[in-house]
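Right, one structure below, let's go through it.
The values are calculated or read from the model by the stated rules, or taken from the named source; none is laboratory data. Predicted model only: the values in this text are computed from it and were never measured. With ideal geometry, Cβ positions are generated from the backbone for all residues, glycine too; neighbour counts draw on all protein chains shown.
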Amino acid sequence: MSYRKRRPEVVVQREKRARRRRLLIIGGVVGLAALMVAAIVITRPKEVEGVIKVDDMGDAHTAAAPSTYVYNSRPPTSGPLSSDLAAWGEHSETVSEWLHLHNLLSGGVAMHYNCPDGCPEVVEELRSIMDEVGENLLILHPYTNMDSRIALTAWTRMITLDEVDRDRIIEFIEAYRGIDHHTR
């Protein structure tokens, strides 16, 4: 006959609790790691097809618009800027580069249109997009110092279009609006 020593029930229960506790701790650590990875993926801006990444020229706040400064893109996406913000929303006149750059730094997106002879249908379509997505952190204004008819800019990002492409414009706005670059 074989005699196996039975462990006391108290010991068995203690081992079960210890095993359960280890599994809960491991599960908690794995769950927390998964949440951290998901947060990084969700908060990282999605790159939009056709978007140009423009070199960052810094964000020097200046008391007056630089008179001879040459930005590295038209419209600019970074560089010397005002310490003030332009009003969000639609503007009937061009918002200066120096002024609207602070809006981009603050997480804004600018919709620029180049229509020296007028293009009410383009402006109306852009206005309609702004109405749909909300004017918070958006600027819509005429800007003639560019080669394309339409440009969208965010901090160090730009897309140019020759006609309104509603889906791409909304995708750009959703990808880049709200990313504050003051804390870079």
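For segment 116-132, does any single residue satisfy the condition of being more than 15 Å from Val51 (Cα to Cα), of a type in the set (Gly, Ala, Ser) and modelled with pLDDT of 95 or more?
Yes, the conditions are met somewhere in segment 116-132.
Just give me the residues in segment 151-181 being among the aliphatic types (A, V, I, L, M), more than 24 Å from Gly118 (Cβ to Cβ) and assigned to a loop (DSSP other than H, G, I, E, B), in sequence order.
Residue satisfying the conditions is Ile179 alone.
I'd like the full set of residues that are buried (at least 17 other Cβ atoms within 10 Å of the Cβ) and either free of Cβ contacts under 8 Å to residues at least 12 places away in the same chain or polar (S, T, N, Q) (or both), limited to segment 111-122.
Result: Asn114, single match.
Any chance you could count how many residues in segment 46-78 are closer than 30 Å to Arg168 by Cα and surrounded by 14 or more Cβ atoms within 10 Å (Cβ to Cβ)?
Count: 13.
Residue by residue through segment 131-150, note down the ones that are within 16 Å of the chain's Cα centre (by Cα), outside any loop (DSSP other than H, G, I, E, B) and crowded, with 20+ Cβ neighbours inside 10 Å.
Leu138, Ile139
Out of Ser96, Ser73, Ser78, which single residue is touching a helix residue (DSSP H, G or I) at 6+ places or on another chain (Cβ under 8 Å), more than 17 Å from Glu135 (Cα to Cα) and hydroxyl-bearing (Ser, Thr, Tyr)?
Ser78
For segment 62-112, enumerate the residues that are small (Gly, Ala, Ser) and within 20 Å of the chain's Cα centre (by Cα).
Ser73, Ser78, Gly79, Ala86, Ala87, Gly89, Ser106, Gly107, Gly108, Ala110
With Ala64, Ala86 as the choices, which residue is farther than 23 Å from Asn136 by Cβ and assigned to a loop (DSSP other than H, G, I, E, B)?
Ala64
State whether the residues of segment 42-52 include one that is farther than 16 Å from Met158 by Cβ, at pLDDT below 90 and part of a helix (DSSP H, G or I).
yes
Being touching a Leu at 6+ places or on another chain (Cβ under 7 Å) and free of Cβ contacts under 8 Å to residues at least 60 places away in the same chain is the filter; apply it to segment 92-110 and report the residue that is farthest from Ala154 (Cα to Cα).
Among those that are touching a Leu at 6+ places or on another chain (Cβ under 7 Å) and free of Cβ contacts under 8 Å to residues at least 60 places away in the same chain, it is Trp98.
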